[in-house]
Amino acid sequence: MGGVRAQSRRGRQRVAVMVCWGVIGGAWAADPPGTPQSRAAVAACYDSAAQPPARRAAALERALQAAERAVAADEHDALGHFAVFCTLGERMQLDGVSLTALTGVRRLRREIDRTLELAPEFADALAGKGALLSDLPRLLGGDVAEGEQLLRRALAVDPDYLGPRLRLAELLLDQDRRDDARREAQTALTVALRKQSTDDVAAARKLLVRVGPPAP
């Protein structure tokens, strides 16, 4: 699971898993172990982001088929459900979210809810659902307050998880909660510098510029 976790934490959260998402490390105790099939499906989902646009849709379809096979083989495979969520979310991000996507959003919710039912402290799933709810329009089931709570729960499990830390800072800034946003962005910068994560350092510094200095 360590390799999959490493790929999941490079800052791609939004409707897909974003997850967002740091550095290579071992699996957390709360992470579902998955099966070879579900681990491969999650890796295929993340790897699809590196595909050229013309090939990405086909790569995501293959990843979704692999995820669905993993769930069919073991309905209690939390990582398999997460892989379905990941690929559906990435595909929705590719296609764009609209009112016609309601059916897809409902399936996304079912898959991430089932993931968390099976693995309630799975930080990637908490972060993924948090990003989903905070980014979706309310008409499609978005809920900024619940999204914030889920991002904070992911950070309670893994305080060094940079994806949800940066997403939380953005969310707070969007609500003009600048002191809170500055605090989260500064924490993200400290962690990113320690991890020597160049992209996350740049993202945290950019956020701090947007937030601005503390009021005199």
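The values are calculated or read from the model by the stated rules, or taken from the named source; none is laboratory data. On a predicted model such as this, the values are computed, not experimentally measured, just so you know. Every residue, glycine as well, gets a Cβ built from its backbone with ideal geometry; the counts of neighbours run over all protein chains shown. When the accessible area is computed, the model is the full protein with side chains, heavy atoms only, and any ligands, DNA or RNA have been set aside. Shrake-Rupley method; radii C 1.70, N 1.55, O 1.52, S 1.80 Å.
Descriptive notes on the structure:
- Checked against the criterion of being closer than 25 Å to Y161 by Cα, in a loop (DSSP other than H, G, I, E, B), touching a Phe, Trp or Tyr at 6+ places or on another chain (Cβ under 7 Å) and hydrophobic (A, V, I, L, M, F, W, C), region 101-110 contains not a single residue that satisfies it.
- Per-region count, region 178-216, residues open to solvent by 20 Å² or more (accessible area, probe 1.4 Å) and either touching a strand residue (DSSP E or B) at 6+ places or on another chain (Cβ under 7 Å) or closer than 19 Å to L133 by Cα (or both): 2
- Being under 14 Å from the mean Cα position of the chain (by Cα), under 22 Å from S197 (Cβ atoms), of a type outside the set (V, I, T) and at pLDDT 95 or above holds for only one residue in L173, L162, L168, L150, and it is L168.
- Given (1) open to solvent by 10 Å² or more (accessible area, probe 1.4 Å); (2) out of contact with any Leu (no Cβ under 7 Å at 6 or more places or on another chain), index of the condition S134 fails: (2)
- When V23, V15 are checked against the criterion of being at pLDDT below 95, among the hydrophobic types (A, V, I, L, M, F, W, C) and more than 13 Å from the chain's Cα centre (by Cα), a single residue qualifies: V23.
- The condition of being open to solvent by 20 Å² or more (accessible area, probe 1.4 Å), modelled with pLDDT of 55 or more and in contact with a Phe, Trp or Tyr (Cβ under 8 Å, 6 or more places away or on another chain) holds for only one of A30, A58, A49, A40, that being A30.
- In region 137-153, the residues that are within 14 Å of A188 (Cα to Cα) and of a type outside the set (D, E, K, R): L151
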